[in-house]
Amino acid sequence: MKFEERLSDRDAWSIGDGCSAGRVLDLLSTKTVFLVVRECFYGTTRFDDFVTRVGASAPAVSRALRQLKAAGIVAPVAYREPGNRARDEYRLTEAGEDLLPVFLSLIQWGDRHLQDGRPPLSFVEAGTGRPIQVRVSAEPAPETVPETVPETLCDDIEIRVHPAWDAASGAP
């Protein structure tokens with residue numbers, strides 16, 4: 001990357017607290033917070049299931065959910081099972097769903113650099129089975145953009161056992 005001319009003297013300016021990356025890291029500040037977001041993408045909605053699947057203490061998961069709720073990443077949705085008190089499920093908001101490329105980018109990087117060629121999961125387009133990839137690209141020129149741009153949403157992604165991991169681990 002290169003800076004435009006007026007930013008080329010790095011000692012003459014500072015982005016300070018205005019850095020978006022820093023703000024995201026403040027929001028997703030702990031492993032528990034990030035794993036709660038992961039579980040939301042995987043369809044987990046109930047508190048006890050978050051505790052089990054994230055492998056963190058109930059107080060840590062509770063803090064994570066409060067933090068994500070305050071940031072508008074998850075929203076509580078009341079439910080009540082017969083004979084029990086009302087409780088909340090947690091669902092991703094639009095802002096939470098917008099974290100999908102961030103989530104998938106981190107997984108892609110980890111698959112490539114940390115898994116010795118055997119990542120546990122594959123993310124594919126549900127209808128075609130084609131692998132989902134996050135890529136950096138320039139915005140298309142306005143005259144080339146169709147009026148409606150199809151986007152792959154969470155519901156269009158199927159999570160599968162990765163073939164390399166399956167063969168190495170004997171997964172189900």
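The values are calculated or read from the model by the stated rules, or taken from the named source; none is laboratory data. Bear in mind the structure is a predicted one, so any value in this text is a computation, not a measurement. Using ideal geometry, Cβ is built from the backbone for each residue, glycine included, and neighbour counts are taken over all protein chains shown. The protein model used for the area step is the full one, side chains on, heavy atoms only, and it has no ligands, DNA or RNA in it. Shrake-Rupley method; radii C 1.70, N 1.55, O 1.52, S 1.80 Å.
Could you pull out every one of the helices (runs of 4 or more DSSP H) wholly within the range 91-172 that has 3 or more residues that are modelled with pLDDT under 85?
163-169
Considering the range 55-79 alone, what residues qualify as being aliphatic (A, V, I, L, M) and either surrounded by fewer than 16 Cβ atoms within 10 Å (Cβ to Cβ) or in contact with an Asp or Glu (Cβ under 8 Å, 6 or more places away or on another chain) (or both)?
Quick first cut of the range 55-79, residues aliphatic (A, V, I, L, M) only: 56, 58, 60-61, 64-65, 68, 70-71, 73-75, 77-78.
Answer for the range 55-79, where residues must be aliphatic (A, V, I, L, M) and either surrounded by fewer than 16 Cβ atoms within 10 Å (Cβ to Cβ) or in contact with an Asp or Glu (Cβ under 8 Å, 6 or more places away or on another chain) (or both): Ala58, Ala70, Val77, Ala78.
Hey, can you tell me all the residues within the range 17-54 that are of a type in the set (Val, Ile, Thr), outside any loop (DSSP other than H, G, I, E, B), closer than 24 Å to Ile157 by Cα and open to solvent by less than 50 Å² (accessible area, probe 1.4 Å)?
If the condition is that a residue be of a type in the set (Val, Ile, Thr), outside any loop (DSSP other than H, G, I, E, B), closer than 24 Å to Ile157 by Cα and open to solvent by less than 50 Å² (accessible area, probe 1.4 Å), then Thr32, Val33, Val36, Val37, Val54 are the ones that fit.
Please determine whether any residue of the range 95-106 is acidic (Asp, Glu) and either more than 26 Å from Asp155 (Cβ to Cβ) or open to solvent by 60 Å² or more (accessible area, probe 1.4 Å) (or both).
Yes, there is a match, as at least one residue in the range 95-106 is acidic (Asp, Glu) and either more than 26 Å from Asp155 (Cβ to Cβ) or open to solvent by 60 Å² or more (accessible area, probe 1.4 Å) (or both).
On the basis of being under 22 Å from Asp49 (Cβ atoms) and of a type in the set (Lys, Arg), does Arg85 make the cut?
In short, yes.
Consider Arg85 carefully, then state whether it is basic (Lys, Arg), surrounded by fewer than 16 Cβ atoms within 10 Å (Cβ to Cβ), assigned to a loop (DSSP other than H, G, I, E, B) and without any contact (Cβ under 8 Å) to a residue 12 or more places away in the chain.
Values: basic (Lys, Arg): yes; surrounded by fewer than 16 Cβ atoms within 10 Å (Cβ to Cβ): yes; assigned to a loop (DSSP other than H, G, I, E, B): yes; without any contact (Cβ under 8 Å) to a residue 12 or more places away in the chain: yes.
For Arg85, the condition - basic (Lys, Arg), surrounded by fewer than 16 Cβ atoms within 10 Å (Cβ to Cβ), assigned to a loop (DSSP other than H, G, I, E, B) and without any contact (Cβ under 8 Å) to a residue 12 or more places away in the chain - is met.
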